[in-house]
Structure formats: structure tokens, C-alpha cells
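Notes to accompany the following structure.
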Amino acid sequence: MHTTAQERLVRPARNLNGSLRLPGDKSISHRYGMLAAFAEGTSRFSNFSTGADCASTLACMEALGAKVNRTGEGIIEVTGVAGRVTPSSQALDCGNSGSTMRMISGLLAPQEGSFTLIGDESLSRRPMERIRKPLEAMGARLTLTEGHAPLTILGGPLKAIDYTTPVPSAQVKTCVLLAGLQTEGTTTVREALRTRDHSELALRAFGAKLTRTLDSISISGPQVLRAIDAVVPGDISSAAFFLCAAALFPGSSLVLDSLGLNPTRASLLDVLTALGAQISVLNLEEKNAELVGTVRVSSPAEGLGSTEVSGALAAQLIDELPVLAAIAPYSSGGIRIRDAKELRIKESDRIALTVKNLRAMGAEVTEFEDGLDVPGGQTLHGATIDSGSDHRIAMAFSVAALRAEGETLIQGADSAAISFPEFFDLLDLIAER
Ligand code: S3P
């Protein structure tokens, strides 16, 4: 079959075996890149995310006066602006990256000047009201375009607030904390469900002081950040595709080295265990307060069972839900996903596209506003997959394709490069055909 540069043909596999070290975590790389660019001094990172999203963060920070140098040895050196950015005459292009746009807005709101942020078509559809509310409560002025990007921030000194996030969002939490870092007084963010805490850990690693309770984080400003040297842990959300793929093949064995295992990110391991996969974690250590370890996964001879993902777990697993849904038909009892309405406003409507593509492969599935039910014990056939240029949909259905009958054509497969450019090469390395 003829494929274009945007497409990828995925053939079924017989088994999955191998040992890999994955590129750096996207969430952590965004934060290290942004904080280093804002700090005093030169930070050095190895295993920084290779995805286009983190390159967008670095490019925005360069446009604001930071210096970024990629050495031949895979090290990224970032020299920061020591707390004062230079307003750029050009719009800051956040590409496809919601994390870049939402977090950088918090960094820029207390800075003198006017800043315009733009994004690609998908990012320009995503809700930005969620950052306008707290930033305006702090005294910043933001102009949105019907609730979306392009957005303009008129920055200047702000006042501290006590803010409860209405939806669980680490990006919104980070946005407020980065504004609070530069604002006199104590800014507090409260969240009903604890979201990923990389910002809190990264801020501390760069020398900031903050206090945490079970449901709040407080930061007293202004504080200065100082450069660090760090190795970015492997991305567990990228690993999710291979962990789920390995779980599909009785007799598989996959080892992932130096993987980020922050407890606010690692719930997939519990869910796979609940489904019957055997998972062991070795060599656990802490680097800049982030847990890192080696994960070994293998699948039970009798195949996967069934599980439900809802409540707090759905919020913690939000990026991994498409791939979990994509392997669900091959389990014996199916997977039920609820309380995941946020999936509809990610890079695409991930509930709608997951349902559409499962059906294209011949699966039975029921769609809900906040999730989906995928019965188990199904046989899928190869199909043409509409990824909607959403990296996680493209990769999730490449995993479903491994156990389907016949070949699967992934349209918009090039979008994998948003978070994981090496995905298809590594998949070919570990899939036995
Ligand atoms: C992220 C937070 C989550 C997640 C996204 C990365 C982060 O988004 O889906 O992929 O790095 O903070 P929300 O904050 O919108 O939940």
C-alpha cells in the first residue's frame, strides 16, 4: 500500500520483547526548560524531551531573551534571564502545546510589557478561560479570542491570591504558582484532586520555597531561581504505549530503564496490575525529588482481565486513557472509563476519536459524555485510523493494530513527534513479527 509522509502502516505483531531507555518526560522538560530560562545562571539537561512541544517552550523562552544551546553530546544548556524577560515584538508561538501556553502565561503576567501568544489550529480551539480567571483575579489583563488563543497579556505587578482550581489541571496550578513566584505576599492554589506535582518539585529544585498541604500549595514571592544540572527521567506517558502493547502478548517481556515514576504519574502501573499484568519496579532512586526506576512488564498467560477507571484515577491517568481504551477490546472483561470529560478538550476530542477508531476496527463500544465502555473478548481488524493529528490517538491505535487481523493505516501518524518522535522506530524494534 502507498503511504504518504503523514501516514504509517502498522502490521500485527506476534510478541513484544526488549529493553529500552525512553526520552525525557514532556511535563518535566517543559518545566525545567521554562524555569531554567527564567533563572539566574546556566542549567544543563540531559535526556531532555525530544518532542516538538518542549521545543516550542524553549523557542518561546529564547524569544523572551533566554539562550539555548544544544551540545553535540545531547545536552541542552539554558542560560536564564535572571527573572526579567525581554518582551518580544513578535507573537510567541506555542505550536500544539497547551502546557507551553498556559504555564508561560503565568510566568509572563507579572512581567512589564505586552505579550501575544499564538498556537496551531488545535491549540487555538482549546479553552484558555481557565487561566484568565486566576490571572485577572491577581490583577493581570488578558485578552482572549472567544475564550481561546490568540491571547494577549498586559503584564505588570500582581497581587497574591488564594485560588481553588475549578477543574483538576496541573497546567492551571502551575500558571498560578509561576505568577505567585514573582508576586509579593503568599499565593495559594487549592485543588480537590491532586494533579501531577512536577512544578512544585521543579520549583524547589531551582531553589524556590513553597509549602504543601494535602490539597494546597503556597508560594511567597518574590523569589529568585538558580540554575540546576539535571537528567530528565524517561517519559512514563510515552512508556504507556509500550507497557500496554506488552500487556497484550502472553509471553512478552519489556524492560524500561530510568523511567519517571512520580506517584502522581505512575497510576498506569496499578491499572495494568489490576488487569493482570505482572509489573516489577527495580533500582528506584530520587533525582531532583523525582522518582526514577526500572520497570519490567510481562503479560499473564490467560490474558488481561477487566477494570474500571473513574474518579481521581481518571484525572491522574488522563493522558493514558486513549491507549487503555485501545487495548480494552483484547481484555477478557473490558474496560469502563468515566469522569474523564477533560479528554474532550485535549489536542482533539479524544473520547470521540477513540470511539470512532475503535468502531473502524470493528469493535463494539458505548460512548458517554465523560468516558466510554469497551467490552472485552473482541476481535479487531485492521482499518484506516483518523488520528485527528493528535499524537496520543495516533500512538494508541498503533498499539491496537498490533493485535488486529490485517494491517492498519494510521493517518496523521507524523503527529507522534509532538511528544515522542522515536515512537515508530522503537515500536519496530520491540515488536516481533
Ligand atoms: C500536563 C497536564 C495535563 C496533561 C498534559 C500535560 C502538564 O493537562 O493532560 O498532557 O504537563 O501539566 P491539564 O493541566 O489540562 O489537565
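Read-outs: derived from the displayed coordinates by stated rules, not from any lab. Just so you know, these numbers come straight off a predicted model, no measurement behind them. Every residue, glycine as well, gets a Cβ built from its backbone with ideal geometry; the counts of neighbours run over all protein chains shown.
What the table shows:
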| item | result |
| --- | --- |
| Rg(Cα) / (2.2 N^0.38 Å) computed for the stretch 26-230, rounded to two decimals | 0.92 |
| Length gained when the stretch residue 159-residue 381 is fully extended (0.36 nm per residue, less Cα-Cα span) | 74.2 nm |
| Built amide H within the under 5 Å cut-off of residue 306, gap 5+ | 333 |
| For the stretch 234-312: relative contact order, % (alpha-carbon pairs under 8 angstrom, 6 or more apart) | 38 |
| Long-range amide H partners of residue 368 with built H, under 5 Å | 373 |
| Nitroxide proxy distance, nm - points 7 Å out along Cα→Cβ at residue 186 and residue 14 | 6.4 |
| Fluctuation leader among 341, 287, 26 - the chain, Gaussian network, Cα springs under 10 angstrom | 287 |
| Using a Förster distance of 41 Å, the FRET efficiency for residue 114-residue 4 (Cβ separation, nearest 0.05) | 0.50 |
| Additional length obtainable on full extension of the chain from residue 86 to residue 433, 0.36 nm per residue less Cα span | 119.6 nm |
| Distant-in-sequence amide H partners of residue 221 (H built 1.01 Å from N, under 5 Å) | 183, 185, 187 |
| For q = 0.12, 0.17, 0.23 Å⁻¹, Debye-computed log10 I/I(0) when each Cα of the stretch 165-267 counts as one equal scatterer | -0.52, -0.85, -1.22 |
| Segments 12-24, 79-91 sorted - mean Cβ within 10 Å per residue, highest first | 12-24, 79-91 |
| Entries in 26/341; 26/287; 133/209; 133/356 that, when Cα-Cα distance is taken, lie over 27 Å | 133/356 |
| The chain - percent relative contact order, Cα under 8 Å, separation 6 or more | 18 |
| Relative pair counts by distance (%), Cα atoms of the chain, 10 Å bins | 5, 22, 32, 25, 13, 3, 0 |
| Size of charge dipole - the chain - debye, nearest 20, with Cβ of Lys, Arg +1 and Asp, Glu -1, no other charges | 680 |
| Sparse-neighbour loop sites [GluC sites (Glu not before Pro); the stretch 317-401; at most 15 other C-beta within 10 Å; DSSP] | 364, 369 |
| Difference of contour (0.36 nm per residue) and Cα-Cα distance, residue 287 to residue 405 | 38.2 nm |
| Rounded, prolate or oblate (a/c below 1.5 giving rounded, otherwise prolate when a/b exceeds b/c) for the stretch 349-433 by Cα gyration tensor | oblate |
| Förster radius 41 Å - calculated FRET efficiency between residue 296 and residue 216, Cβ distance, rounded to 0.05 | 0.65 |
